[in-house]
Amino acid sequence: MIRVRPPFPSPFYPLPLSPPLVPQSSPSFLSLFPWRLQPTPASGQREPAEGCPASSALQPGWQRRRRRRQRRLRIFCQGQQAGPLGDPPARRSAAPCGSMAMNYNAKDEVDGGPPGAPVGTTKNRRPDNTAFKQQRLPAWQPILTAGTVLPTFFIIGLIFIPIGIGIFVTSNNIREIEIDYTGTEPSSPCNKCLSPDMTPCFCTINFTLEQSFEGNVFMYYGLSNFYQNHRRYVKSRDDSQLNGDPSALLNPSKECEPYRRNEDKPIAPCGAIANSMFNDTLELFLIGNESDPTRIPLKKKGIAWWTDKNVKFRNPPGGESLEERFKGTTKPVNWLKPVYMLDSDPDNNGFINEDFIVWMRTAALPTFRKLYRLIERKNDLHPTLPAGRYYLNITYNYPVHSFDGRKRMILSTISWMGGKNPFLGIAYITIGSISFLLGVVLLVINHKYRNSSNTADITI
(Lines give C-alpha, C1' and ligand atoms only; values in the text may rest on other atoms or scores of the structure.)
Protein backbone atom coordinates (compact mmCIF):
# COMPACT_ATOMS: atom_id res chain seq x y z
CA MET A 1 0.00 0.00 0.00
CA ILE A 2 1.42 3.35 -1.10
CA ARG A 3 0.87 6.34 1.15
CA VAL A 4 0.71 9.77 -0.51
CA ARG A 5 1.41 12.88 1.48
CA PRO A 6 -1.45 15.39 1.13
CA PRO A 7 -0.69 18.93 -0.14
CA PHE A 8 -1.74 20.49 3.18
CA PRO A 9 -1.18 19.69 6.88
CA SER A 10 -3.52 17.24 8.50
CA PRO A 11 -3.70 15.40 11.84
CA PHE A 12 -2.68 12.20 10.10
CA TYR A 13 0.37 13.69 8.36
CA PRO A 14 1.88 16.25 10.70
CA LEU A 15 4.68 18.56 9.69
CA PRO A 16 8.22 17.53 10.68
CA LEU A 17 8.71 20.96 12.27
CA SER A 18 6.19 22.63 14.48
CA PRO A 19 7.19 26.28 14.82
CA PRO A 20 4.61 28.67 16.19
CA LEU A 21 2.23 30.44 13.84
CA VAL A 22 2.43 34.16 13.24
CA PRO A 23 -0.03 35.93 15.54
CA GLN A 24 -3.07 37.32 13.72
CA SER A 25 -3.68 40.25 16.02
CA SER A 26 -4.38 42.73 13.24
CA PRO A 27 -5.00 42.65 9.47
CA SER A 28 -1.74 42.28 7.59
CA PHE A 29 -0.36 41.01 4.35
CA LEU A 30 0.74 37.85 6.21
CA SER A 31 -2.87 37.18 7.15
CA LEU A 32 -3.41 36.08 3.57
CA PHE A 33 -1.26 33.02 4.35
CA PRO A 34 -2.67 31.38 7.50
CA TRP A 35 -0.12 28.54 7.43
CA ARG A 36 2.89 30.82 7.20
CA LEU A 37 5.56 29.55 9.63
CA GLN A 38 7.89 31.62 11.76
CA PRO A 39 11.20 29.65 11.87
CA THR A 40 13.87 30.26 14.50
CA PRO A 41 16.96 31.94 13.05
CA ALA A 42 20.15 29.88 13.14
CA SER A 43 23.25 31.01 14.95
CA GLY A 44 25.35 33.55 13.13
CA GLN A 45 22.43 34.75 10.98
CA ARG A 46 20.89 38.20 10.97
CA GLU A 47 17.46 38.59 12.54
CA PRO A 48 14.96 39.14 9.73
CA ALA A 49 12.91 42.27 9.65
CA GLU A 50 9.50 42.35 11.22
CA GLY A 51 7.00 40.47 9.08
CA CYS A 52 9.69 38.98 6.79
CA PRO A 53 10.05 35.22 7.35
CA ALA A 54 13.43 33.58 7.11
CA SER A 55 14.21 30.54 5.00
CA SER A 56 14.14 27.11 6.64
CA ALA A 57 15.01 23.62 5.60
CA LEU A 58 11.80 22.10 4.28
CA GLN A 59 11.17 18.71 2.92
CA PRO A 60 10.45 18.15 -0.80
CA GLY A 61 6.90 18.55 -2.12
CA TRP A 62 4.52 21.28 -1.03
CA GLN A 63 7.16 22.46 1.52
CA ARG A 64 9.44 23.37 -1.38
CA ARG A 65 6.78 25.59 -2.90
CA ARG A 66 6.25 27.25 0.46
CA ARG A 67 9.98 27.95 0.72
CA ARG A 68 9.93 29.72 -2.65
CA ARG A 69 7.04 31.90 -1.54
CA GLN A 70 8.94 32.80 1.64
CA ARG A 71 12.01 33.73 -0.38
CA ARG A 72 10.00 36.06 -2.64
CA LEU A 73 8.38 37.68 0.37
CA ARG A 74 11.76 38.19 2.06
CA ILE A 75 13.22 39.84 -1.04
CA PHE A 76 10.21 42.12 -1.24
CA CYS A 77 10.50 43.13 2.43
CA GLN A 78 14.22 43.81 2.17
CA GLY A 79 13.62 46.07 -0.80
CA GLN A 80 11.00 47.98 1.15
CA GLN A 81 13.34 48.40 4.14
CA ALA A 82 16.15 49.67 1.91
CA GLY A 83 13.97 52.52 0.65
CA PRO A 84 14.55 54.52 -2.49
CA LEU A 85 18.04 55.44 -3.58
CA GLY A 86 19.45 58.49 -1.79
CA ASP A 87 17.19 58.40 1.27
CA PRO A 88 18.81 58.85 4.69
CA PRO A 89 19.20 55.75 6.86
CA ALA A 90 16.72 57.02 9.42
CA ARG A 91 14.02 57.29 6.81
CA ARG A 92 14.85 53.89 5.38
CA SER A 93 14.38 52.22 8.74
CA ALA A 94 11.24 54.21 9.60
CA ALA A 95 8.94 52.12 7.42
CA PRO A 96 9.51 48.44 8.15
CA CYS A 97 7.91 45.76 6.04
CA GLY A 98 5.74 44.65 8.87
CA SER A 99 4.04 48.01 9.29
CA MET A 100 3.47 48.21 5.56
CA ALA A 101 1.93 44.76 5.60
CA MET A 102 -0.24 45.78 8.52
CA ASN A 103 -1.64 48.73 6.55
CA TYR A 104 -2.69 46.61 3.56
CA ASN A 105 -6.31 45.60 3.32
CA ALA A 106 -7.81 43.87 0.32
CA LYS A 107 -11.27 45.31 1.04
CA ASP A 108 -9.88 48.85 0.88
CA GLU A 109 -8.61 48.15 -2.61
CA VAL A 110 -12.06 47.07 -3.79
CA ASP A 111 -13.87 49.95 -2.08
CA GLY A 112 -11.51 52.54 -3.48
CA GLY A 113 -9.46 53.38 -0.38
CA PRO A 114 -9.03 52.80 3.36
CA PRO A 115 -11.83 53.67 5.72
CA GLY A 116 -10.03 56.80 6.94
CA ALA A 117 -9.37 58.26 3.48
CA PRO A 118 -10.85 61.70 2.85
CA VAL A 119 -14.11 61.79 0.92
CA GLY A 120 -13.68 62.64 -2.77
CA THR A 121 -9.97 61.75 -3.01
CA THR A 122 -10.72 58.39 -4.66
CA LYS A 123 -13.47 57.40 -7.04
CA ASN A 124 -15.57 54.34 -6.36
CA ARG A 125 -15.76 52.37 -9.59
CA ARG A 126 -18.04 49.69 -8.25
CA PRO A 127 -21.50 49.74 -9.97
CA ASP A 128 -24.57 50.49 -7.93
CA ASN A 129 -26.43 47.57 -6.46
CA THR A 130 -29.43 47.87 -8.77
CA ALA A 131 -31.16 45.27 -10.89
CA PHE A 132 -30.21 47.10 -14.09
CA LYS A 133 -26.51 47.66 -13.38
CA GLN A 134 -26.05 44.25 -11.81
CA GLN A 135 -27.88 42.58 -14.75
CA ARG A 136 -30.58 41.00 -12.64
CA LEU A 137 -33.52 42.14 -14.78
CA PRO A 138 -36.03 39.46 -15.72
CA ALA A 139 -35.43 38.04 -19.19
CA TRP A 140 -37.32 35.76 -21.51
CA GLN A 141 -35.75 33.66 -24.21
CA PRO A 142 -37.90 31.57 -26.53
CA ILE A 143 -37.04 27.93 -27.01
CA LEU A 144 -37.19 27.25 -30.75
CA THR A 145 -38.63 23.83 -31.42
CA ALA A 146 -40.31 22.27 -34.40
CA GLY A 147 -43.67 22.64 -32.69
CA THR A 148 -43.31 26.43 -32.50
CA VAL A 149 -41.26 27.31 -35.59
CA LEU A 150 -43.20 25.35 -38.21
CA PRO A 151 -46.65 26.80 -37.32
CA THR A 152 -45.14 30.29 -37.31
CA PHE A 153 -43.86 29.95 -40.89
CA PHE A 154 -47.14 28.50 -42.11
CA ILE A 155 -49.23 31.18 -40.37
CA ILE A 156 -47.11 33.99 -41.85
CA GLY A 157 -47.45 32.46 -45.31
CA LEU A 158 -51.21 31.91 -45.03
CA ILE A 159 -51.77 35.50 -43.83
CA PHE A 160 -49.38 37.40 -46.10
CA ILE A 161 -50.25 35.68 -49.39
CA PRO A 162 -54.01 36.54 -49.34
CA ILE A 163 -53.26 40.10 -48.18
CA GLY A 164 -50.73 40.54 -50.99
CA ILE A 165 -53.15 39.20 -53.59
CA GLY A 166 -55.88 41.56 -52.38
CA ILE A 167 -53.58 44.60 -52.44
CA PHE A 168 -52.22 43.67 -55.88
CA VAL A 169 -55.68 43.21 -57.39
CA THR A 170 -56.89 46.47 -55.83
CA SER A 171 -53.89 48.32 -57.23
CA ASN A 172 -54.49 46.93 -60.71
CA ASN A 173 -58.13 48.09 -60.60
CA ILE A 174 -56.99 51.69 -60.24
CA ARG A 175 -57.16 53.56 -63.52
CA GLU A 176 -54.17 55.74 -64.34
CA ILE A 177 -52.80 57.45 -67.41
CA GLU A 178 -49.63 59.52 -67.71
CA ILE A 179 -48.93 62.11 -70.41
CA ASP A 180 -45.38 63.45 -70.83
CA TYR A 181 -45.33 66.96 -72.27
CA THR A 182 -41.67 67.94 -71.74
CA GLY A 183 -41.26 68.47 -75.49
CA THR A 184 -37.70 67.22 -75.91
CA GLU A 185 -38.75 64.99 -78.84
CA PRO A 186 -38.89 66.82 -82.17
CA SER A 187 -42.30 65.28 -82.91
CA SER A 188 -43.82 66.55 -79.65
CA PRO A 189 -46.33 69.40 -79.95
CA CYS A 190 -44.55 71.14 -77.04
CA ASN A 191 -41.12 71.04 -78.67
CA LYS A 192 -41.50 74.63 -79.81
CA CYS A 193 -41.84 75.74 -76.16
CA LEU A 194 -38.22 74.85 -75.37
CA SER A 195 -37.10 78.09 -76.97
CA PRO A 196 -36.60 80.85 -74.37
CA ASP A 197 -38.15 83.38 -76.75
CA MET A 198 -41.53 81.62 -76.66
CA THR A 199 -42.99 83.07 -73.47
CA PRO A 200 -45.74 82.23 -72.81
CA CYS A 201 -46.07 79.17 -75.01
CA PHE A 202 -49.24 77.17 -75.71
CA CYS A 203 -49.36 73.57 -76.91
CA THR A 204 -52.00 70.83 -77.20
CA ILE A 205 -51.57 67.09 -76.72
CA ASN A 206 -54.20 64.57 -77.84
CA PHE A 207 -54.68 61.23 -76.07
CA THR A 208 -57.28 58.48 -75.72
CA LEU A 209 -58.78 56.80 -72.65
CA GLU A 210 -59.27 53.10 -73.32
CA GLN A 211 -61.35 52.59 -70.16
CA SER A 212 -63.71 54.80 -68.25
CA PHE A 213 -62.59 56.42 -65.00
CA GLU A 214 -65.14 55.86 -62.23
CA GLY A 215 -65.38 57.86 -59.03
CA ASN A 216 -63.37 60.96 -58.27
CA VAL A 217 -60.42 61.50 -60.57
CA PHE A 218 -57.26 63.27 -59.44
CA MET A 219 -55.07 65.27 -61.79
CA TYR A 220 -51.38 65.50 -60.83
CA TYR A 221 -48.39 67.21 -62.31
CA GLY A 222 -45.11 65.31 -62.09
CA LEU A 223 -41.49 66.41 -62.24
CA SER A 224 -38.33 64.34 -62.66
CA ASN A 225 -34.73 65.11 -61.72
CA PHE A 226 -35.87 67.95 -59.43
CA TYR A 227 -34.19 67.67 -56.02
CA GLN A 228 -36.54 69.32 -53.57
CA ASN A 229 -34.81 67.43 -50.75
CA HIS A 230 -31.58 69.47 -50.96
CA ARG A 231 -30.68 70.81 -47.51
CA ARG A 232 -30.29 74.46 -48.47
CA TYR A 233 -33.40 74.31 -50.63
CA VAL A 234 -35.54 72.87 -47.82
CA LYS A 235 -34.34 75.53 -45.33
CA SER A 236 -34.88 78.42 -47.75
CA ARG A 237 -38.24 79.62 -46.36
CA ASP A 238 -39.65 81.73 -43.55
CA ASP A 239 -42.47 79.97 -41.71
CA SER A 240 -43.24 83.05 -39.63
CA GLN A 241 -43.80 85.08 -42.80
CA LEU A 242 -46.01 82.34 -44.27
CA ASN A 243 -48.03 82.34 -41.05
CA GLY A 244 -48.90 86.03 -41.54
CA ASP A 245 -46.50 87.63 -39.06
CA PRO A 246 -46.33 91.38 -40.00
CA SER A 247 -42.76 91.81 -38.72
CA ALA A 248 -41.52 88.77 -40.70
CA LEU A 249 -43.37 90.02 -43.76
CA LEU A 250 -41.20 93.16 -43.96
CA ASN A 251 -38.06 91.58 -42.49
CA PRO A 252 -37.78 87.98 -43.76
CA SER A 253 -35.45 85.41 -42.27
CA LYS A 254 -31.84 85.22 -43.44
CA GLU A 255 -32.48 81.59 -44.40
CA CYS A 256 -34.22 82.95 -47.51
CA GLU A 257 -30.99 84.29 -49.01
CA PRO A 258 -30.42 84.99 -51.88
CA TYR A 259 -34.19 85.32 -52.39
CA ARG A 260 -34.76 87.54 -49.36
CA ARG A 261 -34.89 91.01 -50.91
CA ASN A 262 -35.23 92.37 -54.43
CA GLU A 263 -35.10 96.02 -55.51
CA ASP A 264 -34.61 97.02 -51.86
CA LYS A 265 -37.93 95.45 -50.94
CA PRO A 266 -38.62 92.26 -49.01
CA ILE A 267 -39.82 89.37 -51.11
CA ALA A 268 -43.16 87.82 -50.16
CA PRO A 269 -43.02 84.87 -50.07
CA CYS A 270 -39.26 84.64 -49.71
CA GLY A 271 -36.94 81.68 -50.29
CA ALA A 272 -35.92 79.29 -53.03
CA ILE A 273 -38.95 77.00 -52.59
CA ALA A 274 -41.46 79.75 -53.30
CA ASN A 275 -39.31 81.21 -56.08
CA SER A 276 -39.36 77.88 -57.98
CA MET A 277 -43.14 77.32 -57.75
CA PHE A 278 -44.70 75.29 -60.56
CA ASN A 279 -46.71 77.64 -62.80
CA ASP A 280 -47.86 75.65 -65.83
CA THR A 281 -51.59 75.79 -66.60
CA LEU A 282 -53.41 72.59 -67.62
CA GLU A 283 -56.90 72.34 -69.15
CA LEU A 284 -58.68 69.12 -70.13
CA PHE A 285 -61.27 68.73 -72.92
CA LEU A 286 -63.37 65.76 -74.08
CA ILE A 287 -63.68 65.43 -77.84
CA GLY A 288 -67.23 64.16 -78.04
CA ASN A 289 -68.02 66.24 -81.05
CA GLU A 290 -65.35 67.59 -83.36
CA SER A 291 -67.03 70.96 -83.58
CA ASP A 292 -67.91 71.31 -79.90
CA PRO A 293 -65.41 69.75 -77.40
CA THR A 294 -66.56 69.53 -73.80
CA ARG A 295 -64.49 71.25 -71.15
CA ILE A 296 -63.86 69.04 -68.09
CA PRO A 297 -64.45 71.05 -64.87
CA LEU A 298 -61.35 71.05 -62.66
CA LYS A 299 -61.74 71.88 -58.98
CA LYS A 300 -58.80 73.85 -57.57
CA LYS A 301 -59.88 73.90 -53.91
CA GLY A 302 -59.60 70.99 -51.52
CA ILE A 303 -56.23 69.80 -52.83
CA ALA A 304 -54.13 70.92 -49.81
CA TRP A 305 -53.91 69.44 -46.34
CA TRP A 306 -56.35 70.90 -43.84
CA THR A 307 -53.61 71.67 -41.31
CA ASP A 308 -51.58 73.51 -43.95
CA LYS A 309 -54.56 75.52 -45.14
CA ASN A 310 -55.88 76.52 -41.72
CA VAL A 311 -52.85 76.45 -39.40
CA LYS A 312 -49.47 76.83 -41.11
CA PHE A 313 -50.39 79.32 -43.87
CA ARG A 314 -52.19 82.58 -43.20
CA ASN A 315 -52.41 85.97 -44.84
CA PRO A 316 -51.26 89.08 -42.95
CA PRO A 317 -53.98 90.37 -40.58
CA GLY A 318 -56.03 93.43 -41.44
CA GLY A 319 -59.41 94.55 -42.73
CA GLU A 320 -58.20 96.24 -45.91
CA SER A 321 -57.68 94.56 -49.25
CA LEU A 322 -55.05 91.88 -49.68
CA GLU A 323 -53.00 94.18 -51.90
CA GLU A 324 -52.81 96.76 -49.13
CA ARG A 325 -51.76 94.14 -46.59
CA PHE A 326 -48.85 93.12 -48.86
CA LYS A 327 -47.86 96.74 -49.46
CA GLY A 328 -44.12 97.33 -49.23
CA THR A 329 -43.22 93.85 -50.54
CA THR A 330 -42.35 92.55 -53.99
CA LYS A 331 -42.99 89.30 -55.85
CA PRO A 332 -40.40 86.50 -56.12
CA VAL A 333 -37.89 86.83 -58.94
CA ASN A 334 -39.30 84.05 -61.16
CA TRP A 335 -42.98 84.79 -60.60
CA LEU A 336 -45.09 86.42 -63.27
CA LYS A 337 -47.46 88.14 -60.82
CA PRO A 338 -47.44 88.98 -57.09
CA VAL A 339 -48.80 86.68 -54.41
CA TYR A 340 -52.01 88.68 -53.90
CA MET A 341 -52.99 88.04 -57.55
CA LEU A 342 -52.74 84.24 -57.60
CA ASP A 343 -56.54 83.80 -57.67
CA SER A 344 -59.66 85.92 -57.90
CA ASP A 345 -61.25 83.98 -55.03
CA PRO A 346 -60.31 85.70 -51.75
CA ASP A 347 -60.41 82.33 -49.92
CA ASN A 348 -57.78 80.96 -52.31
CA ASN A 349 -55.49 83.94 -52.70
CA GLY A 350 -52.25 85.08 -51.12
CA PHE A 351 -50.44 82.74 -48.77
CA ILE A 352 -53.54 80.50 -48.52
CA ASN A 353 -53.57 79.70 -52.24
CA GLU A 354 -53.76 75.91 -52.39
CA ASP A 355 -51.49 75.55 -55.43
CA PHE A 356 -48.85 77.47 -53.49
CA ILE A 357 -49.43 75.42 -50.32
CA VAL A 358 -49.10 72.11 -52.21
CA TRP A 359 -45.82 73.24 -53.77
CA MET A 360 -44.36 74.37 -50.44
CA ARG A 361 -44.65 70.82 -49.07
CA THR A 362 -41.33 69.53 -50.42
CA ALA A 363 -40.91 66.04 -51.86
CA ALA A 364 -38.46 63.47 -50.53
CA LEU A 365 -37.35 62.06 -53.90
CA PRO A 366 -36.19 63.72 -57.14
CA THR A 367 -39.08 62.14 -59.11
CA PHE A 368 -42.41 63.15 -57.59
CA ARG A 369 -45.96 64.15 -58.33
CA LYS A 370 -48.15 66.80 -56.71
CA LEU A 371 -51.91 67.17 -56.75
CA TYR A 372 -53.02 69.80 -59.24
CA ARG A 373 -56.80 69.51 -59.65
CA LEU A 374 -59.76 67.37 -58.60
CA ILE A 375 -62.41 66.06 -61.00
CA GLU A 376 -65.52 65.23 -58.97
CA ARG A 377 -68.10 62.68 -59.99
CA LYS A 378 -71.43 64.27 -60.81
CA ASN A 379 -73.74 61.24 -60.64
CA ASP A 380 -73.60 57.48 -60.37
CA LEU A 381 -75.16 56.87 -63.78
CA HIS A 382 -72.28 58.19 -65.82
CA PRO A 383 -68.54 57.76 -65.33
CA THR A 384 -66.47 60.75 -64.36
CA LEU A 385 -64.27 60.42 -67.46
CA PRO A 386 -65.84 58.20 -70.10
CA ALA A 387 -63.69 56.30 -72.54
CA GLY A 388 -62.87 58.31 -75.62
CA ARG A 389 -60.62 60.96 -77.08
CA TYR A 390 -59.34 63.93 -75.10
CA TYR A 391 -56.89 66.74 -75.54
CA LEU A 392 -54.84 68.67 -73.01
CA ASN A 393 -54.27 72.41 -73.38
CA ILE A 394 -50.97 73.47 -71.78
CA THR A 395 -49.65 76.90 -70.97
CA TYR A 396 -45.94 76.08 -70.98
CA ASN A 397 -44.21 78.35 -68.42
CA TYR A 398 -42.07 76.10 -66.22
CA PRO A 399 -38.59 75.41 -67.67
CA VAL A 400 -37.05 71.99 -66.99
CA HIS A 401 -34.68 71.59 -69.94
CA SER A 402 -31.82 73.35 -68.13
CA PHE A 403 -31.53 70.58 -65.48
CA ASP A 404 -32.54 67.66 -67.76
CA GLY A 405 -35.89 67.36 -66.05
CA ARG A 406 -39.19 66.11 -67.40
CA LYS A 407 -42.80 67.18 -66.93
CA ARG A 408 -45.92 65.04 -67.07
CA MET A 409 -49.63 65.11 -66.34
CA ILE A 410 -51.24 62.17 -64.52
CA LEU A 411 -54.93 61.25 -64.30
CA SER A 412 -55.66 58.66 -61.63
CA THR A 413 -58.43 57.21 -59.52
CA ILE A 414 -57.88 56.05 -55.94
CA SER A 415 -58.98 53.18 -53.71
CA TRP A 416 -59.05 52.43 -49.99
CA MET A 417 -55.24 51.97 -50.12
CA GLY A 418 -54.54 55.20 -52.03
CA GLY A 419 -53.07 55.49 -55.49
CA LYS A 420 -51.64 52.85 -57.79
CA ASN A 421 -48.81 50.98 -56.08
CA PRO A 422 -48.22 47.35 -57.15
CA PHE A 423 -44.99 47.05 -55.15
CA LEU A 424 -46.78 46.61 -51.81
CA GLY A 425 -48.83 43.65 -53.05
CA ILE A 426 -45.80 42.03 -54.67
CA ALA A 427 -43.81 42.41 -51.44
CA TYR A 428 -46.56 40.73 -49.37
CA ILE A 429 -46.86 37.85 -51.82
CA THR A 430 -43.08 37.34 -51.93
CA ILE A 431 -42.65 37.28 -48.14
CA GLY A 432 -45.63 34.96 -47.68
CA SER A 433 -44.39 32.56 -50.35
CA ILE A 434 -40.88 32.42 -48.88
CA SER A 435 -42.26 31.76 -45.38
CA PHE A 436 -44.57 29.00 -46.61
CA LEU A 437 -41.77 27.38 -48.62
CA LEU A 438 -39.43 27.43 -45.62
CA GLY A 439 -42.15 25.86 -43.52
CA VAL A 440 -42.50 22.99 -46.01
CA VAL A 441 -38.73 22.43 -46.18
CA LEU A 442 -38.37 22.40 -42.37
CA LEU A 443 -41.36 20.08 -42.07
CA VAL A 444 -39.73 17.56 -44.40
CA ILE A 445 -36.42 17.76 -42.53
CA ASN A 446 -38.16 17.35 -39.17
CA HIS A 447 -40.19 14.36 -40.39
CA LYS A 448 -37.09 12.68 -41.79
CA TYR A 449 -34.79 13.06 -38.77
CA ARG A 450 -37.30 13.26 -35.91
CA ASN A 451 -37.07 9.57 -34.89
CA SER A 452 -33.42 9.14 -35.87
CA SER A 453 -31.24 8.32 -32.89
CA ASN A 454 -28.03 7.96 -34.90
CA THR A 455 -26.60 11.35 -35.79
CA ALA A 456 -24.32 9.75 -38.33
CA ASP A 457 -27.31 9.45 -40.69
CA ILE A 458 -27.36 13.24 -41.09
CA THR A 459 -24.79 14.39 -43.62
CA ILE A 460 -23.67 18.01 -43.45
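The values are calculated or read from the model by the stated rules, or taken from the named source; none is laboratory data. The shown structure was predicted, so the numbers you read here are calculated from the model rather than taken from an experiment. Cβ placement follows ideal geometry from the backbone for every residue including glycine, while neighbour counts extend to all protein chains displayed. Surface accessibility is based on the protein's heavy atoms, side chains included, excluding ligands, DNA and RNA. Shrake-Rupley method; radii C 1.70, N 1.55, O 1.52, S 1.80 Å.
Restricting attention to the range 364-412, the residues being hydroxyl-bearing (Ser, Thr, Tyr), open to solvent by 10 Å² or more (accessible area, probe 1.4 Å) and over 17 Å from Cys201 (Cβ atoms) number 3.
Scanning the range 322-337 for residues that are within 22 Å of Asn397 (Cβ to Cβ) and either of a type in the set (A, V, I, L, M) or free of Cβ contacts under 8 Å to residues at least 40 places away in the same chain (or both) yields a total of 3.
Only a single criterion out of (1) part of a loop (DSSP other than H, G, I, E, B); (2) open to solvent by less than 70 Å² (accessible area, probe 1.4 Å) is not satisfied by Gln241, namely (1). Condition test on Ile174, is it part of a loop (DSSP other than H, G, I, E, B), out of contact with any Pro (no Cβ under 9 Å at 6 or more places or on another chain) and either surrounded by 10 or more Cβ atoms within 10 Å (Cβ to Cβ) or at positive phi (or both)? For Ile174, the condition - part of a loop (DSSP other than H, G, I, E, B), out of contact with any Pro (no Cβ under 9 Å at 6 or more places or on another chain) and either surrounded by 10 or more Cβ atoms within 10 Å (Cβ to Cβ) or at positive phi (or both) - is met.
For Thr294, the test of being exposed (fewer than 15 other Cβ atoms within 10 Å of the Cβ), β-branched (Val, Ile, Thr) and more than 41 Å from the chain's Cα centre (by Cα) is passed. Which of the residues that make up the range 199-238 are assigned to a loop (DSSP other than H, G, I, E, B), buried (at least 16 other Cβ atoms within 10 Å of the Cβ) and of a type in the set (S, T, N, Q)? Scanning the range 199-238 gives Gln228, Ser236. For Cys270, the criteria (1) part of a helix (DSSP H, G or I); (2) in contact with a Cys (Cβ under 8 Å, 6 or more places away or on another chain); (3) among the hydrophobic types (A, V, I, L, M, F, W, C) hold in every case but one, which is (1).
Among residues of the range 282-311 that are at positive phi and assigned to a loop (DSSP other than H, G, I, E, B), those with a beta-carbon under 8 Å from a residue that is open to solvent by less than 70 Å² (accessible area, probe 1.4 Å) and of a type in the set (D, E, K, R) at least six positions away or on a different chain give the pairs Gly302/Glu354.
The set of residues in the range 129-157 being over 29 Å from the mean Cα position of the chain (by Cα), open to solvent by 80 Å² or more (accessible area, probe 1.4 Å) and not hydrophobic (A, V, I, L, M, F, W, C) consists of Asn129, Arg136. Pairing residues of the range 419-444 that are under 25 Å from Thr170 (Cα atoms) and touching a residue at least 24 places away in the same chain (Cβ under 8 Å) with residues that are surrounded by 15 or more Cβ atoms within 10 Å (Cβ to Cβ) and of a type in the set (Ser, Thr, Tyr), at Cβ distances under 6 Å and at least 6 apart in sequence or on separate chains, gives Gly419/Ser412; Lys420/Ser171; Asn421/Ser171; Pro422/Ser171; Gly425/Ser171. Here are the criteria: (1) touching a helix residue (DSSP H, G or I) at 6+ places or on another chain (Cβ under 7 Å); (2) among the aliphatic types (A, V, I, L, M); (3) open to solvent by 60 Å² or more (accessible area, probe 1.4 Å). Tell me which single one Ala248 does not satisfy. Against the list (1) touching a helix residue (DSSP H, G or I) at 6+ places or on another chain (Cβ under 7 Å); (2) among the aliphatic types (A, V, I, L, M); (3) open to solvent by 60 Å² or more (accessible area, probe 1.4 Å), Ala248 comes up short only on (3).
Within the range 316-337, the set of residues being open to solvent by less than 30 Å² (accessible area, probe 1.4 Å) and either small (Gly, Ala, Ser) or in contact with a helix residue (DSSP H, G or I) (Cβ under 8 Å, 6 or more places away or on another chain) (or both) comprises Pro316, Leu322, Phe326, Thr329, Pro332, Trp335.
Taking the range 261-281 as the range and being among the charged types (D, E, K, R) and either in contact (Cβ under 8 Å) with a residue 12 or more places away in the chain or closer than 21 Å to Gly350 by Cβ (or both) as the test, the residues that pass are Arg261, Glu263, Lys265, Asp280. The lone criterion from (1) aliphatic (A, V, I, L, M); (2) out of contact with any Asp or Glu (no Cβ under 9 Å at 6 or more places or on another chain); (3) open to solvent by 10 Å² or more (accessible area, probe 1.4 Å); (4) under 20 Å from Pro399 (Cα atoms) left unmet by Met277 is number (2).
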